[in-house]
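Working notes, structure below.
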Amino acid sequence: MTARIIDGKALAHSLRTQYRERVAQLKTQGVAPGLAVILVGDNPASKVYVGNKVKACEECGVASFHHSLPAEAGEADVLALIARLNADPTVHGILVQLPLPPHIDVRRVLEAIAVDKDVDGFHLYNVGGLVVGNTIFPPCTPYGVQLLLETTGIDVAGKNAVIVGASNIVGKPMALMLLQKEATVTICHAKTRDLAQHTILADILIAAAGKPGLIVPQMVKQGAIVIDVGINRLPDNRIVGDVDFDGVKEKASWITPVPGGVGPMTVTMLIENTLKSAELRLGTGQGIGHQGWDSVTLP
Ligand code: NAP
């Protein structure tokens with residue numbers, strides 16, 4: 001069997017085309033959706049990610065407000081900027097690019113973002129929403145994976161989903177989302193003993209460890225759906241995922257490539273959440289519990 005490719009780039013493109021229409025609709029109602037992006041320091045990878053996010057905003061007609069702070073900026077500077085953006089009605093989403101320099105407390109910064117602008121979904125309020133199955137802003141990477149899984153037409157309910165990676169931004173929220181869809185979920189991490197004994201049972205295998213070549217064909221069940229979240233730069237500068245793509249595609253039924261799989265969807269979901277925020281402000285949002293902010297109990 002050779003796996004069918006789940007084309008994240010194509011899905012992202014099609015969603016972004018729809019977003020342009022949603023933006024136009026919002027604008028006819030007097031709302032120009034806007035996303036503020038905060039970058040602290042000059043981490044080259046972070047600069048690329050921020051650049052991609054700003055470009056995606058432009059592509060969809062969303063205003064982007066890029067705030068660059070020097071690496072020496074203090075926590076108080078970041079918190080003051082967030083407070084300003086929280087109060088700014090032209091800003092519907094606030095994203096703080098991670099990682100932050102080590103002298104800044106990341107949790108304190110994330111908790112300072114107004115929950116109705118937390119389009120990355122990292123504020124504890126949104127994390128809690130995920131736990132009880134009533135998310136307002138699902139975190140972008142697992143949200144993108146969820147939509148990619150939907151394109152296969154396969155019902156997740158009752159399937160064995162195994163996630164390799166347990167980070168707060170990918171593995172854990174991914175597990176909660178799949179649990180919400182009634183999958184039987186296993187989360188593996190660096191201390192998991194005999195990883196293969198778990199992965200081999202996966203109907204849906206999600207690799208998010210950041211280790212190139214971690215998932216080899218012997219670890220994959222025949223016919224599994226394999227989603228590769230990993231982004232790893234090899235010494236020869238090639239970008240690869242965590243999955244041995246050439247080997248595993250001969251066993252899987254569906255597989256995401258790297259690049260062109262999960263990556264473009266992550267950025268796209270950021271735009272989705274920003275539009276959702278703007279629509280909630282107007283009370284025209286659609287989807288999970290989206291009757292407008294008045295109907296949402298905020299802390
Ligand atoms: P992270 O915070 O470093 O977490 C990695 C997770 O993988 C940890 O839970 C770690 O376990 C686990 N792990 C590491 N080595 C392992 C091994 N040999 N076996 C099993 N588990 C192992 O990374 P992250 O931020 O979640 O990102 C993971 C990967 O996804 C990276 O390559 C990153 O670049 C990529 N990523 C891609 C996107 C996208 O849009 N495509 C978005 C975000 C991240 P412990 O918890 O025990 O340490």
Keeping all protein chains in place and using 1.4 angstrom, which order do Phe137, Phe122 fall into by accessible surface area, from largest down? Phe122, Phe137
If one takes the longest principal axis of the Cα atoms in the chain, at what angle in degrees, from 0 to 90 and to the nearest 10, does the Cα axis of helix 75-87 lie? 70 degrees
Region 135-173-region 185-202 distance, computed between alpha-carbon centres (Å): 16 Å
Could the peptides 179-188, 30-39 be put in order, highest first, of the mean number of other beta-carbon atoms found within 10 Å of their residues? 30-39, 179-188
So what is the calculated 222 nm ellipticity per residue for the chain, using -39500 (n - 2.57) for each DSSP H run with n of 4 or more, over all residues, to the nearest 500 deg cm²/dmol? -12500 deg cm²/dmol
Would you tally the net charge around Pro33, using a Cβ to Cβ cut-off of less than 10 Å, leaving Pro33 out, and scoring K and R as +1, D and E as -1? +3
Which pairs, out of Lys27/Lys117; Lys55/Lys211; Lys47/Lys117; Lys172/Lys276, put more than 25 Å between their alpha-carbon atoms? Lys55/Lys211
Out of the DSSP beta bridges found with both residues in region 109-245, what percent are antiparallel (nearest 5)? 10 percent
Before anything else, pin down the relative contact order of the chain: Cα pairs under 8 Å, at least 6 apart, normalised by residue count, whole percent. 22 percent
Label region 140-262 by shape, choosing from rounded, prolate and oblate, from the square roots a ≥ b ≥ c of the eigenvalues of the Cα gyration tensor; if a/c is under 1.5 it is rounded, and otherwise prolate applies when a/b is larger than b/c, oblate when it is not. rounded
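The values are calculated or read from the model by the stated rules, or taken from the named source; none is laboratory data. As the structure is a computational prediction, the values presented were derived from the model and not from experiment. All Cβ positions, glycine included, derive from the backbone under ideal geometry; neighbour counts span all protein chains shown. Each accessible area value is taken on the protein alone, full model and side chains, heavy atoms only, with ligands, DNA and RNA left out. Shrake-Rupley method; radii C 1.70, N 1.55, O 1.52, S 1.80 Å.
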